[in-house]
1. Under 8 Å for C-alpha pairs, at least 6 residues apart: give me the relative contact order for the range A:125-234, rounded to a whole percent.
2. How far apart, in nanometres, would the label points at B:Leu110 and C:Glu27 be if each is projected 7 angstrom from Cα along the Cα-to-Cβ direction?
3. Only Cα pairs within less than 10 Å get springs; with that Gaussian network setup on chain A, which residue of A:Ala201, A:Ala39, A:Ala117 has the largest fluctuation?
4. Suppose R0 equals 56 Å; then what is the FRET efficiency for B:Val29 and B:Ile145 from their Cβ-Cβ distance, rounded to the nearest 0.05?
5. Can you list the residues, at least 5 places off or on another chain, whose amide H is less than 5 Å from the amide H of C:Ala97, using H built in the peptide plane?
6. Express in whole angstrom the spacing between the alpha-carbon centres of the range B:187-221 and the range A:37-84.
7. Based only on the alpha carbon positions, what is the Kirkwood hydrodynamic radius of the range A:107-213, in angstrom?
8. Enumerate the whole-percent occupancy of each 5 Å bin, from 0 to the last occupied one, for all C-alpha pair distances of the range B:268-421.
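The values are calculated or read from the model by the stated rules, or taken from the named source; none is laboratory data. Quick caveat, the model's predicted, so the values are computed rather than measured. Positions of Cβ are backbone-derived with ideal geometry, glycine not excepted, and every protein chain shown enters the neighbour counts. Surface accessibility is based on the protein's heavy atoms, side chains included, excluding ligands, DNA and RNA. Shrake-Rupley method; radii C 1.70, N 1.55, O 1.52, S 1.80 Å.
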Amino acid sequence: MSEIVQSEPFVMNIGPQHPSTHGVFRVKATVDGERVIDAEMVIGYLHRSMEKLAEERTYTQNIPFTDRTDYLSSMSNNLGYCLAVEKLAGIEVPPRGQAIRVIMAELQRLASHCMGAGAFANDTGAWQTPIMWFMREREKILDIFEMTSGARLTCNYMRIGGVAFELPEGFEEEVRALIGPLRQTIADGEGLLSGNEIFLARARNVAVIPPDMAVNASLSGPMLRGSGVAWDIRKADPYCGYEQYDFDIPIGYQGDAYDRFIVRLEEMRQSLRIVEQALDGLPGGPHSTEVPLALRPPAGEAYARIESPRGELGYYLVSDEGPSPHRFHIRPPSLINLSVLKEMTVGGSIADAIVALGSIDIVVGEIDR
Amino acid sequence: MDNLATDHWYDFRDLANLSRVILEGIDKVAPYELAYIVAPIIGFVAAFVIFVLPSQLFVGVYGERRIIGRIQSRRGPNRVGPFGLLQPVADALKLLQKEALTPKVADRTLMWAAPVFFVAPAVLLFAVIPFGPRMVFADVPAGLIFFIAVSGLPVLAAFIAGWSSNNKYSLYGAMRIVAMSVSYEVPLVLMLLCVVVFTNTMSLPGIVWFQKDVDLWLIFMQPLAFVVYFIAVSAELNRTPTDIAEAESEIVAGYLTEYSGMKWGLFYGMDIGYALAASAFAATIFLGGWSMWGLEQWVPPWVIFIAKTHLFYMVFIWTRGTLPRLRIDQLMGFAWKFLLPLAVVNLFLVSLERLWWSESDLGGGIVFVIAAINVPVSAVAVYLWARFLGYKPERVPTRPRLAREAGGYVPLEEPVIGGGK
Amino acid sequence: MTRWWTGEELGEAAERLVPGSVSHTTETACVLKAEHALEALRALRDDPDTNFQHLSNLCGVDQWDRFEVVYHLQSLERNQMACAKVEAHDRENASVASVVDIWQGAWIQESETYDLFGIEFEGHPNLQRILLWDGYPGHPLRKDFLAMPGGLQPGLNEFAGTSAKPEPPVRPVT
């Protein structure tokens, strides 16, 4: 039979323009029929050399760059960078500023996971419905961001030493009005997908990452937690006073695409819990400390990391006492989570490869920077 | 239609009278050959005006987009015309204006021919559909065979489209649609064979009259056939959850990747045309056609028929809006391992019942007994066959485990708080 | 809370596991000797006390007279973190041993460092430019690469590779 029917592998480009690459990103997949036998990723289409640019600007001027790395979670990126500078320069943030940062970071996580979970459902073929449900809630969060910082996506709200502005009038009511419907939407999305036989058939046992491999491959965020590793930087290395809040780390069962999806949904619930607690205990006082405009931190280096929606987002800064960083490095969780793409896709079919890619929840702006 | 005044041209309940009166009038004043030319024109115009055009443009496109919009908690088209009703017209005008690109490496002739090949069968399909007691354009004795044969043609057009585009995504779409069609035609035809055996006719009006005579729709007598028909036809039509030939997230648009402008518009419009034809076919065979337990005396039967068709089509839209897509190997396995044996078993069962009915001379009431037998038997057959194939309903956790503290790997056996329920 | 190791502590641990592997230590980091780096990092990963199983971050730093490759090591079970460094002094043929064998996830970060700094990683399975295209002139994150005109830290005035290469301005690091 095999002498008569012969198949020949050929290269199929998934991307750079493809509905499922979530940006300008390419997977060079060698396929044999429907089976993927090799996958190589091609990135760099969106490379803007932010790390070089940041070496020419002052510490404060670099904050807008961080918006534009992971454009789906700009607040988290602002926060990570500001934490690194504060660590480098030894700046304390007042408690109100910290609480506002926590609220913003958690709202950003909700917005980002809305997008991530919805896009994953879209990748499995649940045509637009879950993503539309989640996008509706995300719009409300973005409205709150606009109300607070004047921008929806690139918020540029955090500052070194605190946040840029005081919270606007009616902020708390808006956020509290958001929580109930968002919980309902999460439950709806879960009801639509989590118990669905077709969804289970597509996402269960697909792109399995065993826990030892997840740790060894430096994965972080929902990718690591989906494999059953209890690791959350908010718990392990609390920043901005996360130790005051009561929340749990969701962890998956076997590390497949389905586990990563349900972990994301549960993280959204936990984020809602944190937002509620932070709103209840919002302290008074100043929202920011005075920081000199031309900040010159002492020579040295600092690595600060936060739990961004995609994983461990680290900023590594080296100062040479100048007004701008000597070295500005971003540890991009999307890029490092993507490094296991080959292990996740090879051996599966093309459809599985798409599901695997969707379960990473990449943002190409952060991969290429 | 027996006890009410009929046979008048103004009896709008059956528009066949009108065309008959026109034809007889022509026959009186003109050579009779003219009637042979006018009759198909009347039939075509009637079918198109009553059914294809309004359904396809306004209910097919507009309705689908509005309903999906509601499912997705957005508004859908609401800007062009009242309630956005003119949106399909605007879409068509836009598509006509757009440039129909042809790639340099594509096979120009075949790529232009494919949409035409795709459109023609969609119009042909409506020829054998009975819209009313006498409103069938071509009362072919083997209408069912005609339908199956013609509905297999668009697959060929889709394959031509995918092959001639000279694009890898298109090729994948083309290969997938052929594989799907080959797989799902088999259970589909077997299930229709069950219907033929049971009703003892291959003519579509005959099947409707059968259902009217016994006062019971075939969906109750042949539930398994109906379910298999729905699954198989949605696979052939490329509707979600089985739209792997145009799987947007995997192979961009499948065989339509390189198409643009009205060439794409023809494919898109006729996709809905095929979906409506399949719905009309389902309404004819399984939902009693134009009959509605006497209601057809008061309401024009073609209105009942169109309502049933769109009810069925609504289910298509509903599944499209809610279900994820299956993988190709899962779909193929489902067709060959699950549907095909069930179809064979059903055919055997139906043949036995038909034999019993014709031998025992029990009259028409026996169909209620048969329905009462077939509904549970079908459910049990599905369940048993699924168990035999090794499918066990398993409780998959829908919530992850929760850990209080960060640390390393948490083994599955280790109890954590609030663990997955 | 994560325990952040000082350079001293990491130096002691590395010296205990692989004697003679530490070049010197700073306040935050421990600089490993290039020839022992691979061995020491592997030992740091496998030793139950250090247990640095998770390579959090890998990046390069141009310190004008040398390149540093910075490893941020992390232990998930013991919740501790440390920073190790390896230096490459040869600017033209900078080369450091690859840690892909130790941490699988390092490959993409090493590729990025190679792309942007021009540091070769020996033993890397597939070392090629990932962000920039092949044949791109120069490595952008080097300090002697083109900087913005009037920038705070002047670099080249012309695009690297387009004319005779001027000497990199070497500035001593305090």
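1. Values: 56 pairs, mean separation 21.3, N = 110.
Relative CO of the range A:125-234 lands at 19 percent.
2. Here the answer is 7.2 nm between the modelled labels.
3. Most flexible of the set in this elastic network: A:Ala201.
4. The pair B:Val29/B:Ile145 has a calculated efficiency of 0.90.
5. The list, which skips near neighbours in sequence, is C:Glu122.
6. 65 Å
7. After inverting the pairwise mean of 1/r, the radius is 15.7 Å.
8. Taking all Cα pairs of the range B:268-421, the binned fractions are 2, 6, 9, 10, 13, 15, 13, 10, 7, 5, 4, 3, 2, 1, 0, 0 percent.
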